[in-house]
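To keep things clear, I will list the structure first and then write my remarks on it.
The values are calculated or read from the model by the stated rules, or taken from the named source; none is laboratory data. Please read these numbers as outputs of a predicted model, since none were measured by experiment. A quick note on method: Cβ atoms are made from the backbone with ideal geometry, for glycine too, and the neighbour counts reach across all protein chains shown.
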Amino acid sequence: MLYELCENNGIGYRKCGKLIAATDENNIEELEKLLEKGKENGIEGLGILSRQEVKKLEPEVEVKAALFSTSTGIVDSYGLMKYFLSKAKDNGVEVAYNSKVVGIEKVANKYKVTIQYPNEDFSFLTRILINSAGLNSDKIAELAGVDIDKAGYRLHYCKGEYFSIAKHKFIKKLIYPIPEPKSGGHGIHVGFNLEGRLRLGPNARWVDKVDHKIDESQKQDFYNSAKAFLPSLQYEDLEPDFVGIRPKLQSPEEENVKDFVIRNEYDKDLGEMINLIGIESPGLTASPAIAKYVKNMVDEIF
């Protein structure tokens, strides 16, 4: 859906493909598991490539084997967000910047939402309340009366840092390591933007608060991780880039990965409140599909 939306609205994207790299013979079995899981989920264009086949695609990359996903791509995320904002405004949406939700109260069959604004507080009534507040979505649910610990909605922040690669490497496909879900991320991988600028990341570090400052002491870990499948990489090639924060439902102590939440809270006496909580990368890449899913939920209410 995202590719189609970009194609129809002039939003930059590239279907470049992705390699999930096994740098050790013992990891090849993990590739086979990922291949089967992908097929079960209906993903087309998946296959395992040998070292020689990978070399033909990416001469700079050194692996024992790799899972090749032909349908993976990159998108101009800023262009996508500007499109969504413009489309929303065209549809009559009002965006309130520099504002904070400080109260949510059920009044008869509606919700009274109180907003703290720089100059004054104000409130409005709505029949349907959609909570898609990202890093603060658990706090919004709690304001509405949800016991977030009982519901399993409390978020745990996982910081992801990126380092860019100063000297250009001729990489045409995204290169990922074997994922380690228990670590909180997919592992440090090689990516690039539409202009071809290469970057490494993200790593995964659990933090107590939102902080977008990059820790340059992580540079050695980035270098060690990428060097395993990009042997020509030099330590001095790396430069600090940017930071993102993942809103995870999985705590650092939990081994099992928790999927994100999209649900109407009828069973909590909060019918017609739709919570979207713990959504990481799919919040961007699956945004059209998520929107369609939520729209269907709204249509059911009416």
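Being of a type in the set (D, E) and touching a Ser or Thr at 6+ places or on another chain (Cβ under 9 Å) is the filter here; which residues of segment 111-150 pass it?
Correct list: D121 only.
On the basis of being surrounded by 12 or more Cβ atoms within 10 Å (Cβ to Cβ), closer than 21 Å to L233 by Cβ and not hydrophobic (A, V, I, L, M, F, W, C), does K82 make the cut? Break it down stepwise before answering.
On the way: surrounded by 12 or more Cβ atoms within 10 Å (Cβ to Cβ): yes; closer than 21 Å to L233 by Cβ: no; not hydrophobic (A, V, I, L, M, F, W, C): yes.
So K82 does not fit the description; no.
Okay, residues lined up against (1) on the phi > 0 side of the Ramachandran plot; (2) in contact with a Leu (Cβ under 8 Å, 6 or more places away or on another chain):
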position	(1), (2)
Y223	no, yes
P231	no, no
R246	no, no
Q250	no, no
V257	no, no
D267	no, no
G278	yes, yes
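Hey, which of the strands (runs of 3 or more DSSP E) in segment 101-157, taking only ones fully inside, have at least 2 residues that are out of contact with any helix residue (DSSP H, G or I) (no Cβ under 9 Å at 6 or more places or on another chain) and among the aromatic types (F, W, Y)?
Result: 121-126.
Could you pull out the residue among K219, K258 that is over 20 Å from S137 (Cα atoms) and either surrounded by 16 or more Cβ atoms within 10 Å (Cβ to Cβ) or at pLDDT below 95 (or both)?
Among K219, K258, only K219 is over 20 Å from S137 (Cα atoms) and either surrounded by 16 or more Cβ atoms within 10 Å (Cβ to Cβ) or at pLDDT below 95 (or both).
Exactly one of (1) of a type in the set (S, T, Y); (2) assigned to a helix (DSSP H, G or I); (3) within 27 Å of G73 (Cβ to Cβ) is unmet by S217. Its number?
Status for S217: all satisfied but (3).
Name the pairs whose Cβ atoms lie under 9 Å apart, with the first residue in segment 119-143 and within 24 Å of C158 (Cα to Cα) and at pLDDT 95 or above, the second assigned to a helix (DSSP H, G or I) and among the hydroxyl-bearing types (S, T, Y), and 6 or more positions between them or separate chains?
N131/S137
Just to be sure before I move on: is P247 assigned to a loop (DSSP other than H, G, I, E, B) and in contact with a Gly (Cβ under 8 Å, 6 or more places away or on another chain) in the structure I sent?
No.
Which of the following residues is in contact with a Lys or Arg (Cβ under 9 Å, 6 or more places away or on another chain) and aromatic (F, W, Y): Y157, Y223, Y153?
Y157
Please pick out the residue among R197, R205, R154 that is surrounded by 16 or more Cβ atoms within 10 Å (Cβ to Cβ) and closer than 30 Å to Q234 by Cβ. Outline the logic, then answer.
Details: R197 fails: surrounded by 16 or more Cβ atoms within 10 Å (Cβ to Cβ); R154 fails: closer than 30 Å to Q234 by Cβ.
Selected residue: R205, the only one of R197, R205, R154 that is surrounded by 16 or more Cβ atoms within 10 Å (Cβ to Cβ) and closer than 30 Å to Q234 by Cβ.
Quick check: is even one residue across segment 31-51 over 30 Å from N224 (Cβ atoms), over 20 Å from the mean Cα position of the chain (by Cα), among the small types (G, A, S) and in a loop (DSSP other than H, G, I, E, B)?
Yes, segment 31-51 contains at least one residue that is over 30 Å from N224 (Cβ atoms), over 20 Å from the mean Cα position of the chain (by Cα), among the small types (G, A, S) and in a loop (DSSP other than H, G, I, E, B).
Checking the structure you have, find out if any residue of segment 284-300 is touching a Pro at 6+ places or on another chain (Cβ under 9 Å), surrounded by fewer than 18 Cβ atoms within 10 Å (Cβ to Cβ) and either in a helix (DSSP H, G or I) or modelled with pLDDT of 95 or more (or both).
Yes.
Consider F222 against the criteria (1) more than 29 Å from V261 (Cα to Cα); (2) touching a helix residue (DSSP H, G or I) at 6+ places or on another chain (Cβ under 9 Å); (3) of a type in the set (A, V, I, L, M, F, W, C): it satisfies all of them except one. Which criterion is unmet?
Checking F222 against (1) more than 29 Å from V261 (Cα to Cα); (2) touching a helix residue (DSSP H, G or I) at 6+ places or on another chain (Cβ under 9 Å); (3) of a type in the set (A, V, I, L, M, F, W, C), the one that fails is (2).
Give the residue that is surrounded by the most Cβ atoms within 10 Å (Cβ to Cβ), with candidates limited to residues of segment 47-79 that are hydroxyl-bearing (S, T, Y) and under 14 Å from K18 (Cα atoms).
S69
Across segment 9-46, what is the total count of residues that are within 30 Å of S86 (Cα to Cα), among the small types (G, A, S) and surrounded by 11 or more Cβ atoms within 10 Å (Cβ to Cβ)?
2
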